[in-house]
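S.K.: Got a structure here, written out as C-alpha coordinates. Questions coming.
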Amino acid sequence: PPERKRFYQNVSISQGEGGFEINLDHRKLKTPQAKLFTVPSKALAIAVATEWDSQKDTIKSYTMHLTTLCNTALDNPTQRNKAQLIRAAVKFLETDTVCYRVEEPAALAELQRNEWDPVVTWAEKRYNVAIGSSTSILGPNIPASTKETFISHLASYNIWALQGIEYVITQLKSLILSMGLIDRHITVEKAVLLSRLEEEYQIQRWGNVEWAHDYDLCELRARAAAGTLFVHLCSESSTVKHKLLQD
Amino acid sequence: MAALGSPLRTLRGLLRELRHAGGRAGRPYREMPAYQYVLAAFRAHRVTSEKLCRAQQELHFQAATYLCLLRSVREHAALHQEYHGKGERSPEEVAGLVGFTLPQQPGGKG
(Lines give C-alpha, C1' and ligand atoms only; values in the text may rest on other atoms or scores of the structure.)
Protein backbone atom coordinates (compact mmCIF):
# COMPACT_ATOMS: atom_id res chain seq x y z
CA PRO A 1 0.00 0.00 0.00
CA PRO A 2 1.29 3.48 -0.81
CA GLU A 3 2.53 5.65 2.07
CA ARG A 4 0.08 8.06 3.65
CA LYS A 5 0.62 11.67 2.70
CA ARG A 6 1.31 14.17 5.45
CA PHE A 7 -2.19 15.41 6.15
CA TYR A 8 -1.46 17.95 8.87
CA GLN A 9 0.27 21.33 9.02
CA ASN A 10 0.97 21.80 12.68
CA VAL A 11 2.11 19.38 15.37
CA SER A 12 1.77 20.35 19.02
CA ILE A 13 1.53 18.70 22.41
CA SER A 14 -1.03 19.37 25.11
CA GLN A 15 -1.61 18.07 28.60
CA GLY A 16 -4.77 16.01 29.08
CA GLU A 17 -6.16 14.06 32.00
CA GLY A 18 -4.15 10.94 31.31
CA GLY A 19 -0.90 12.60 30.35
CA PHE A 20 0.58 14.39 27.35
CA GLU A 21 -1.19 14.17 24.01
CA ILE A 22 -0.08 14.83 20.44
CA ASN A 23 -2.14 17.11 18.22
CA LEU A 24 -1.93 16.92 14.43
CA ASP A 25 -3.68 20.20 13.56
CA HIS A 26 -6.94 19.85 15.50
CA ARG A 27 -6.90 16.03 15.56
CA LYS A 28 -5.63 14.09 18.56
CA LEU A 29 -3.21 11.30 17.69
CA LYS A 30 -4.57 7.81 18.35
CA THR A 31 -2.87 4.42 18.65
CA PRO A 32 -3.36 1.63 16.06
CA GLN A 33 -6.06 0.23 18.36
CA ALA A 34 -7.77 3.64 18.31
CA LYS A 35 -6.93 4.52 21.91
CA LEU A 36 -6.04 8.11 22.73
CA PHE A 37 -2.24 8.49 22.42
CA THR A 38 -1.10 9.61 25.87
CA VAL A 39 2.40 9.55 27.30
CA PRO A 40 3.54 10.11 30.89
CA SER A 41 6.58 12.22 30.07
CA LYS A 42 6.67 15.70 28.56
CA ALA A 43 10.12 15.17 27.06
CA LEU A 44 8.89 11.96 25.43
CA ALA A 45 5.84 13.78 24.04
CA ILE A 46 8.08 16.47 22.56
CA ALA A 47 10.31 13.84 20.94
CA VAL A 48 7.26 12.04 19.49
CA ALA A 49 5.88 15.35 18.21
CA THR A 50 9.25 15.97 16.55
CA GLU A 51 8.98 12.61 14.73
CA TRP A 52 5.58 13.65 13.32
CA ASP A 53 6.80 17.14 12.44
CA SER A 54 9.83 15.65 10.66
CA GLN A 55 7.70 13.88 8.08
CA LYS A 56 7.93 15.65 4.75
CA ASP A 57 5.46 14.70 1.99
CA THR A 58 4.67 11.17 3.09
CA ILE A 59 4.52 9.57 6.52
CA LYS A 60 7.34 7.08 6.88
CA SER A 61 6.27 5.18 9.97
CA TYR A 62 9.38 2.99 9.87
CA THR A 63 11.38 6.08 10.90
CA MET A 64 9.13 6.83 13.88
CA HIS A 65 10.61 4.55 16.51
CA LEU A 66 9.51 6.47 19.60
CA THR A 67 5.92 6.64 18.31
CA THR A 68 6.03 2.89 17.72
CA LEU A 69 7.32 2.22 21.23
CA CYS A 70 4.58 4.36 22.78
CA ASN A 71 1.94 2.58 20.70
CA THR A 72 3.26 -0.77 21.95
CA ALA A 73 3.14 0.43 25.56
CA LEU A 74 -0.41 1.76 25.17
CA ASP A 75 -1.92 -1.08 23.11
CA ASN A 76 0.18 -3.93 24.49
CA PRO A 77 -0.63 -6.05 21.43
CA THR A 78 1.20 -9.10 22.77
CA GLN A 79 -0.81 -8.82 25.99
CA ARG A 80 2.15 -9.27 28.30
CA ASN A 81 2.23 -8.19 31.92
CA LYS A 82 5.29 -7.05 33.88
CA ALA A 83 6.28 -10.56 34.99
CA GLN A 84 6.07 -11.90 31.44
CA LEU A 85 8.16 -9.05 30.04
CA ILE A 86 10.79 -9.60 32.73
CA ARG A 87 10.86 -13.34 32.08
CA ALA A 88 11.29 -12.75 28.32
CA ALA A 89 14.11 -10.29 29.00
CA VAL A 90 16.04 -12.51 31.41
CA LYS A 91 15.59 -15.56 29.19
CA PHE A 92 17.83 -13.83 26.65
CA LEU A 93 20.74 -14.25 29.01
CA GLU A 94 20.88 -17.93 28.05
CA THR A 95 21.77 -16.97 24.49
CA ASP A 96 23.36 -13.61 25.17
CA THR A 97 25.52 -12.53 22.22
CA VAL A 98 28.48 -11.51 24.38
CA CYS A 99 28.55 -14.87 26.15
CA TYR A 100 28.40 -16.99 23.03
CA ARG A 101 31.96 -17.46 21.78
CA VAL A 102 33.55 -19.07 18.75
CA GLU A 103 36.73 -21.08 18.78
CA GLU A 104 37.55 -20.35 15.15
CA PRO A 105 38.77 -18.31 13.40
CA ALA A 106 41.37 -17.44 16.02
CA ALA A 107 41.31 -13.74 15.11
CA LEU A 108 37.56 -13.54 15.74
CA ALA A 109 37.84 -15.51 18.98
CA GLU A 110 40.49 -13.06 20.18
CA LEU A 111 38.39 -10.07 19.10
CA GLN A 112 35.45 -11.45 21.09
CA ARG A 113 37.66 -11.90 24.16
CA ASN A 114 39.09 -8.39 23.88
CA GLU A 115 35.79 -6.64 23.20
CA TRP A 116 33.25 -8.74 25.10
CA ASP A 117 35.14 -9.86 28.25
CA PRO A 118 35.24 -6.30 29.68
CA VAL A 119 31.48 -5.80 29.39
CA VAL A 120 30.73 -9.24 30.88
CA THR A 121 33.09 -8.43 33.76
CA TRP A 122 31.40 -5.07 34.21
CA ALA A 123 27.97 -6.75 34.47
CA GLU A 124 29.27 -9.36 36.93
CA LYS A 125 30.72 -6.66 39.19
CA ARG A 126 27.82 -4.25 38.85
CA TYR A 127 25.18 -6.87 39.69
CA ASN A 128 27.35 -9.10 41.86
CA VAL A 129 26.58 -12.19 39.76
CA ALA A 130 28.39 -14.97 37.92
CA ILE A 131 27.85 -15.02 34.16
CA GLY A 132 30.93 -16.20 32.27
CA SER A 133 31.04 -17.16 28.61
CA SER A 134 31.08 -20.38 26.61
CA THR A 135 32.18 -21.88 23.31
CA SER A 136 29.67 -24.70 23.71
CA ILE A 137 26.80 -24.83 21.24
CA LEU A 138 24.47 -24.86 24.23
CA GLY A 139 25.75 -21.49 25.36
CA PRO A 140 26.74 -20.39 28.84
CA ASN A 141 25.37 -22.04 31.92
CA ILE A 142 23.74 -19.18 33.82
CA PRO A 143 23.24 -19.89 37.55
CA ALA A 144 19.67 -19.55 38.86
CA SER A 145 20.87 -16.95 41.38
CA THR A 146 22.10 -14.76 38.51
CA LYS A 147 18.70 -14.92 36.83
CA GLU A 148 16.99 -14.14 40.14
CA THR A 149 19.15 -11.06 40.58
CA PHE A 150 18.25 -9.71 37.16
CA ILE A 151 14.55 -10.55 37.64
CA SER A 152 14.62 -8.67 40.89
CA HIS A 153 16.45 -5.71 39.38
CA LEU A 154 14.13 -5.41 36.38
CA ALA A 155 11.09 -5.50 38.68
CA SER A 156 12.09 -2.04 39.85
CA TYR A 157 11.18 -0.64 36.41
CA ASN A 158 7.62 0.31 35.49
CA ILE A 159 5.82 -1.47 32.65
CA TRP A 160 6.50 1.21 30.04
CA ALA A 161 10.23 1.13 30.74
CA LEU A 162 10.12 -2.68 30.64
CA GLN A 163 8.58 -2.61 27.15
CA GLY A 164 11.56 -0.48 26.16
CA ILE A 165 14.10 -2.73 27.87
CA GLU A 166 12.68 -5.88 26.27
CA TYR A 167 12.73 -4.10 22.89
CA VAL A 168 16.39 -3.13 23.18
CA ILE A 169 17.32 -6.66 24.27
CA THR A 170 15.52 -8.13 21.25
CA GLN A 171 17.29 -5.73 18.90
CA LEU A 172 20.80 -6.17 20.33
CA LYS A 173 20.30 -9.88 21.08
CA SER A 174 21.92 -9.28 24.45
CA LEU A 175 20.67 -8.60 27.96
CA ILE A 176 24.17 -7.60 29.06
CA LEU A 177 24.67 -5.00 26.33
CA SER A 178 21.19 -3.64 27.02
CA MET A 179 21.92 -3.25 30.73
CA GLY A 180 25.17 -1.58 29.73
CA LEU A 181 23.10 1.00 27.85
CA ILE A 182 20.42 1.40 30.51
CA ASP A 183 23.13 1.89 33.16
CA ARG A 184 24.90 4.40 30.90
CA HIS A 185 28.08 2.31 30.96
CA ILE A 186 28.37 2.28 27.14
CA THR A 187 27.04 4.50 24.36
CA VAL A 188 24.53 3.32 21.75
CA GLU A 189 27.25 3.33 19.08
CA LYS A 190 29.44 1.09 21.24
CA ALA A 191 26.59 -1.26 22.17
CA VAL A 192 25.65 -1.70 18.51
CA LEU A 193 29.28 -2.26 17.55
CA LEU A 194 29.60 -4.95 20.21
CA SER A 195 26.31 -6.51 19.14
CA ARG A 196 27.50 -6.66 15.54
CA LEU A 197 31.06 -7.70 16.33
CA GLU A 198 31.11 -10.68 14.02
CA GLU A 199 29.60 -8.64 11.16
CA GLU A 200 32.22 -5.95 11.72
CA TYR A 201 34.94 -8.60 11.66
CA GLN A 202 33.63 -9.98 8.35
CA ILE A 203 33.32 -6.45 6.94
CA GLN A 204 36.96 -5.77 7.83
CA ARG A 205 37.99 -8.97 6.10
CA TRP A 206 35.77 -8.95 3.05
CA GLY A 207 34.72 -5.35 2.56
CA ASN A 208 31.72 -3.19 3.27
CA VAL A 209 28.50 -3.25 1.23
CA GLU A 210 26.82 0.09 1.85
CA TRP A 211 23.32 -0.84 0.80
CA ALA A 212 23.27 -3.80 3.17
CA HIS A 213 25.79 -3.24 5.96
CA ASP A 214 25.39 0.47 6.56
CA TYR A 215 21.64 0.13 6.12
CA ASP A 216 21.46 -2.49 8.88
CA LEU A 217 23.90 -0.56 11.06
CA CYS A 218 21.88 2.66 10.90
CA GLU A 219 18.64 0.82 11.55
CA LEU A 220 20.01 -0.99 14.59
CA ARG A 221 21.50 2.22 15.97
CA ALA A 222 18.17 4.01 15.50
CA ARG A 223 16.22 1.27 17.25
CA ALA A 224 18.69 0.85 20.13
CA ALA A 225 18.84 4.63 20.62
CA ALA A 226 15.05 4.94 20.56
CA GLY A 227 14.61 2.09 23.05
CA THR A 228 17.23 3.46 25.43
CA LEU A 229 15.85 7.00 25.30
CA PHE A 230 12.35 5.60 25.83
CA VAL A 231 13.44 3.67 28.94
CA HIS A 232 15.20 6.67 30.47
CA LEU A 233 12.36 9.10 29.76
CA CYS A 234 9.83 6.69 31.27
CA SER A 235 12.00 6.19 34.35
CA GLU A 236 12.72 9.81 35.26
CA SER A 237 11.59 10.81 38.74
CA SER A 238 9.36 13.49 37.22
CA THR A 239 7.63 10.76 35.23
CA VAL A 240 7.60 7.79 37.55
CA LYS A 241 4.68 8.74 39.75
CA HIS A 242 2.38 9.11 36.72
CA LYS A 243 -0.93 7.22 36.68
CA LEU A 244 -0.14 5.58 33.32
CA LEU A 245 2.86 3.84 34.85
CA GLN A 246 1.12 2.30 37.84
CA ASP A 247 0.61 -1.45 37.48
CA MET B 1 30.46 5.86 32.66
CA ALA B 2 30.17 5.91 28.88
CA ALA B 3 32.81 7.76 26.86
CA LEU B 4 30.72 10.69 25.61
CA GLY B 5 33.25 13.32 24.64
CA SER B 6 32.56 17.01 24.85
CA PRO B 7 29.05 18.04 26.00
CA LEU B 8 29.26 21.15 23.84
CA ARG B 9 29.92 19.01 20.79
CA THR B 10 26.93 16.81 21.62
CA LEU B 11 24.71 19.86 22.05
CA ARG B 12 25.82 21.36 18.74
CA GLY B 13 25.30 18.06 16.93
CA LEU B 14 21.87 17.63 18.44
CA LEU B 15 20.73 21.14 17.56
CA ARG B 16 22.03 20.64 14.02
CA GLU B 17 20.05 17.40 13.63
CA LEU B 18 16.91 19.08 14.95
CA ARG B 19 17.36 21.88 12.44
CA HIS B 20 17.49 19.33 9.61
CA ALA B 21 14.60 17.33 11.04
CA GLY B 22 12.08 20.18 11.12
CA GLY B 23 9.79 19.23 8.25
CA ARG B 24 7.68 22.27 7.56
CA ALA B 25 9.08 25.36 5.88
CA GLY B 26 8.07 28.75 7.29
CA ARG B 27 8.53 27.96 10.95
CA PRO B 28 11.99 28.90 12.23
CA TYR B 29 13.76 25.93 13.79
CA ARG B 30 14.35 27.91 16.96
CA GLU B 31 10.65 27.63 17.69
CA MET B 32 10.65 23.83 17.59
CA PRO B 33 9.64 22.49 20.99
CA ALA B 34 12.46 19.95 20.92
CA TYR B 35 15.03 22.64 20.10
CA GLN B 36 13.85 24.83 22.96
CA TYR B 37 13.62 21.89 25.36
CA VAL B 38 17.19 20.75 24.68
CA LEU B 39 18.66 24.25 24.98
CA ALA B 40 16.75 24.92 28.21
CA ALA B 41 17.87 21.59 29.71
CA PHE B 42 21.53 22.25 28.91
CA ARG B 43 21.35 25.76 30.31
CA ALA B 44 19.60 24.63 33.47
CA HIS B 45 22.22 21.99 34.17
CA ARG B 46 25.09 23.96 32.72
CA VAL B 47 26.20 20.88 30.83
CA THR B 48 28.89 22.62 28.86
CA SER B 49 31.50 22.99 31.55
CA GLU B 50 34.34 20.52 32.01
CA LYS B 51 33.47 18.88 35.32
CA LEU B 52 30.11 17.15 35.33
CA CYS B 53 28.07 15.96 38.25
CA ARG B 54 25.82 12.91 38.04
CA ALA B 55 22.69 14.75 36.89
CA GLN B 56 24.72 16.50 34.21
CA GLN B 57 26.19 13.20 33.05
CA GLU B 58 22.70 11.70 32.83
CA LEU B 59 21.52 14.62 30.74
CA HIS B 60 24.58 14.40 28.52
CA PHE B 61 23.99 10.67 27.97
CA GLN B 62 20.36 11.33 27.11
CA ALA B 63 21.35 14.06 24.66
CA ALA B 64 23.99 11.84 23.04
CA THR B 65 21.42 9.04 22.72
CA TYR B 66 18.86 11.37 21.13
CA LEU B 67 21.55 12.68 18.78
CA CYS B 68 22.35 9.09 17.78
CA LEU B 69 18.65 8.44 17.15
CA LEU B 70 18.14 11.49 14.93
CA ARG B 71 21.37 10.98 13.02
CA SER B 72 20.79 7.25 12.45
CA VAL B 73 17.19 7.77 11.30
CA ARG B 74 18.35 10.41 8.82
CA GLU B 75 21.19 8.23 7.52
CA HIS B 76 18.95 5.16 7.28
CA ALA B 77 16.28 7.10 5.38
CA ALA B 78 18.93 8.43 2.98
CA LEU B 79 20.24 4.92 2.33
CA HIS B 80 16.70 3.66 1.89
CA GLN B 81 15.97 6.37 -0.64
CA GLU B 82 19.17 5.71 -2.54
CA TYR B 83 19.08 1.93 -2.69
CA HIS B 84 15.58 0.74 -1.90
CA GLY B 85 13.36 3.68 -2.79
CA LYS B 86 12.72 3.00 -6.44
CA GLY B 87 10.26 0.16 -6.04
CA GLU B 88 10.01 -2.86 -8.27
CA ARG B 89 10.64 -2.87 -11.97
CA SER B 90 7.62 -3.50 -14.20
CA PRO B 91 7.50 -6.75 -16.23
CA GLU B 92 8.32 -4.69 -19.35
CA GLU B 93 11.46 -3.29 -17.73
CA VAL B 94 12.58 -6.71 -16.55
CA ALA B 95 12.17 -8.17 -20.00
CA GLY B 96 14.07 -5.21 -21.43
CA LEU B 97 17.01 -5.89 -19.10
CA VAL B 98 17.84 -9.06 -21.02
CA GLY B 99 16.87 -7.77 -24.41
CA PHE B 100 13.37 -9.20 -24.71
CA THR B 101 10.03 -7.54 -25.30
CA LEU B 102 6.83 -8.96 -23.92
CA PRO B 103 4.46 -10.48 -26.49
CA GLN B 104 1.39 -8.51 -27.49
CA GLN B 105 -1.74 -10.34 -26.37
CA PRO B 106 -4.75 -8.39 -27.63
CA GLY B 107 -7.19 -10.89 -26.15
CA GLY B 108 -5.63 -10.72 -22.71
CA LYS B 109 -3.65 -13.49 -21.00
CA GLY B 110 -4.49 -17.04 -22.05
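S.K.: Would you kindly state how much longer the chain becomes between A:Ser238 and A:Arg126 on full extension, computed as 0.36 nm times their sequence separation minus their alpha carbon distance, in nm to one decimal?
M.R.: Working: separation 112, 0.36 × 112 = 40.32 nm, distance 2.57 nm.
Between A:Ser238 and A:Arg126, full extension yields an extra 37.8 nm.
S.K.: Carbon and sulfur atoms: what percent of the 1.4 Å accessible area of region A:82-236 do they account for?
M.R.: On the way: 3430 of 6730 Å².
About 51 percent, which is the carbon plus sulfur part of the accessible surface.
S.K.: For chain B, compute the orientation-averaged projected area of the C-alpha convex hull (one quarter of its surface), in nm².
M.R.: Values: hull surface 52.2 nm².
Its average projected convex-hull area is 13.1 nm².
S.K.: Classify region A:29-75 as rounded, prolate or oblate from the Cα gyration tensor: take a ≥ b ≥ c as the square roots of its eigenvalues, call it rounded if a/c is under 1.5, otherwise prolate when a/b beats b/c and oblate if not. Spell out each step's value before the answer.
M.R.: Values: a/c = 1.93, a/b = 1.29, b/c = 1.50.
Oblate, because a/c is 1.5 or more while a/b does not exceed b/c.
S.K.: A further question on this structure: When the accessible area of region B:7-82 is computed with all protein chains present and a 1.4 Å probe, what percentage of it is carbon and sulfur?
M.R.: Answer for region B:7-82 is 50 percent, counting heavy atoms of protein chains only.
S.K.: Quick one: grab the alpha carbon gyration tensor of region A:125-173, order the square roots of its eigenvalues as a ≥ b ≥ c, and give me rounded if a/c is under 1.5, else prolate or oblate depending on whether a/b is larger than b/c. Mind dumping the intermediate values first?
M.R.: Details: a/c = 2.73, a/b = 1.44, b/c = 1.89.
Note, shape of region A:125-173 comes out oblate.
S.K.: Mind scanning A:Lys173/B:Lys86; A:Lys30/A:Lys241; A:Lys35/A:Lys173; A:Lys28/A:Lys243; A:Lys60/A:Lys91 and naming the pairs with a C-alpha gap bigger than 25 Å?
M.R.: Details: A:Lys173/B:Lys86 31 Å; A:Lys30/A:Lys241 23 Å; A:Lys35/A:Lys173 31 Å; A:Lys28/A:Lys243 20 Å; A:Lys60/A:Lys91 33 Å.
Flagged as over cut-off: A:Lys173/B:Lys86; A:Lys35/A:Lys173; A:Lys60/A:Lys91.
S.K.: Of B:Glu92, B:Glu31, B:Glu82, which is the most mobile in a GNM of chain B whose springs link Cα atoms less than 10 angstrom apart?
M.R.: Per the Cα network of chain B with a 10 Å cutoff, B:Glu92 tops the list.
S.K.: With the Cα gyration tensor of region A:136-201 giving a ≥ b ≥ c as the square roots of its eigenvalues, does the rule (a/c under 1.5 for rounded; else a/b larger than b/c for prolate; else oblate) give rounded, prolate or oblate? Please list the in-between numbers first.
M.R.: On the way: a/c = 2.13, a/b = 1.18, b/c = 1.81.
Since a/c reaches 1.5 but b/c is at least a/b, the shape of region A:136-201 is classed as oblate.
S.K.: Compute and list, largest first, the equivalent-ellipsoid semi-axes of region A:82-236 from the alpha carbon gyration tensor, each √(5λ) rounded to a whole angstrom. Can you show the working numbers first?
M.R.: Working: eigenvalues 127, 82, 28 Å².
After diagonalising the Cα gyration tensor, the semi-axes are 25, 20, 12 Å.
S.K.: Ok, one more. Which of the residues in region A:55-96 lose at least 40 Å² of accessible area when you go from the chain alone to all protein chains together (probe 1.4 Å)?
M.R.: Relative to the lone chain, where solvent access is computed with a 1.4 Å probe, region A:55-96 loses at least 40 Å² at A:Lys56, A:Tyr62, A:Thr63.
S.K.: I'd like the FRET efficiency for A:Lys35 and A:Arg205, computed as 1/(1 + (r/R0)^6) with the beta carbon distance as r and R0 of 56 Å, rounded to 0.05.
M.R.: Numbers: r = 49 Å, r/R0 = 0.87.
So, using R0 = 56 Å, E works out to roughly 0.70.
S.K.: Evaluate the distance, in nm, between pseudo-label points positioned 7 Å from the Cα of A:Arg113 and of A:Thr149 along their respective Cα→Cβ axes.
M.R.: 2.4 nm
S.K.: Compute the projected area of the convex hull of the Cα atoms of the protein assembly as shown, averaged over all viewing directions, and report it in nm² to one decimal place.
M.R.: Numbers: hull surface 97.2 nm².
Orientation-averaged projected area of the Cα hull: 24.3 nm².
S.K.: Continuing with this model, one more query. Kindly list the residues of region A:155-171 that lie in the label zone of A:Asn76, defined by a backbone N under 14 Å from the point 7 Å along the Cα-to-C-beta vector.
M.R.: Label zone hits: A:158-164.
S.K.: While we're on this one: Just add up the charged neighbours of B:Glu17: K/R +1, D/E -1, any other residue whose Cβ is under 11 Å from the Cβ of B:Glu17. Display every interim value, and only then the final one.
M.R.: Details: positive: B:Arg12, B:Arg16, B:Arg19, B:Arg71, B:Arg74; negative: B:Glu75.
So the environment of B:Glu17 carries a net charge of +4.
S.K.: Collect residues whose amide H, placed 1.01 Å from N in the peptide plane, falls under 5 Å from the amide H of A:Asn158; neighbours closer than 5 in sequence don't count.
M.R.: The answer is none.
S.K.: May I ask you to find the residues of region A:197-220 that are shielded by at least 30 Å² of accessible area once the whole protein assembly is considered instead of their isolated chain (probe 1.4 Å)?
M.R.: The answer is A:Glu210, A:Trp211, A:Tyr215, A:Cys218.
S.K.: I would also like to ask the following. Please give the per residue accessible area of chain B, computed with a probe of 1.4 Å over protein heavy atoms only, in Å². Provide the component values of the computation, followed by the final result.
M.R.: Working: 7520 Å² over 110 residues.
I get 68 Å² per residue for this part.
S.K.: Roughly how many Å² is the accessible area per residue of chain A, as a whole number, for a 1.4 Å probe? Walk me through the numbers before you get to the answer.
M.R.: Numbers: 11720 Å² over 247 residues.
That works out to 47 Å² for each residue.
The values are calculated or read from the model by the stated rules, or taken from the named source; none is laboratory data. Quick caveat, the model's predicted, so the values are computed rather than measured. With ideal geometry, Cβ positions are generated from the backbone for all residues, glycine too; neighbour counts draw on all protein chains shown. Ligands, DNA and RNA are excluded from the accessible area calculation, which covers all protein heavy atoms including side chains. Shrake-Rupley method; radii C 1.70, N 1.55, O 1.52, S 1.80 Å.
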